[in-house]
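Encoded as structure tokens, the structure appears first; notes follow it.
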Amino acid sequence: MGLEAFAHATIACAKALRDEDLRREVSDIRVPTLVLHGKHDEIYDVSFFEILNEKTPQNTLISFENSGHGLV
């Protein structure tokens, strides 16, 4: 039962993250932020990171040429 509940929770979280659009809220970030992005990320399009970079001037964006989501 525990593993089944874990799988259900993981799927619910993934769907919630997929469906939530937080782009308008990133300008509320007021602290220096390190953003790591894999160029082959199939979950988050690079446009999200470009918006994040534009709206949060205190961030450092590092892109990994040979990585995907989770930098793997």
- Given just the C-alpha atoms of segment 23-72, how large is their convex hull per residue in cubic angstrom? 68 Å³
- Item | Table column - 3J(HN,Hα) (Hz), segment 32-49, Karplus curve with 6.51, -1.76, 1.60, x for Gly and Pro | x, 10, 9, 10, 10, 9, x, 4, 9, 5, 9, 9, 10, 5, 4, 4, 4, 6
- Item | Paramagnetic label zone (point 7 Å from Cα along Cα-to-C-beta, K39; backbone N under 11 Å) in segment 48-65 | 63-65
- Note on the structure: To the nearest 10 degrees, the tilt of helix 2-19 (Cα long axis) against the first principal axis of the alpha carbons of the chain is 40 degrees
- Query: T33's amide H: which non-local residues (gap 5+, or another chain) put their own amide H closer than 5 Å, with H modeled 1.01 Å from N in plane and none for Pro or chain starts?
  - Reply: N59, T60
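Only the coordinates and a few stated rules stand behind these numbers; no lab work does. Just so we're clear, the structure is a prediction, and the values are computed from it rather than from any experiment. Note that each Cβ is placed from the backbone with ideal geometry, even for glycine, and that neighbours are counted across all protein chains shown.
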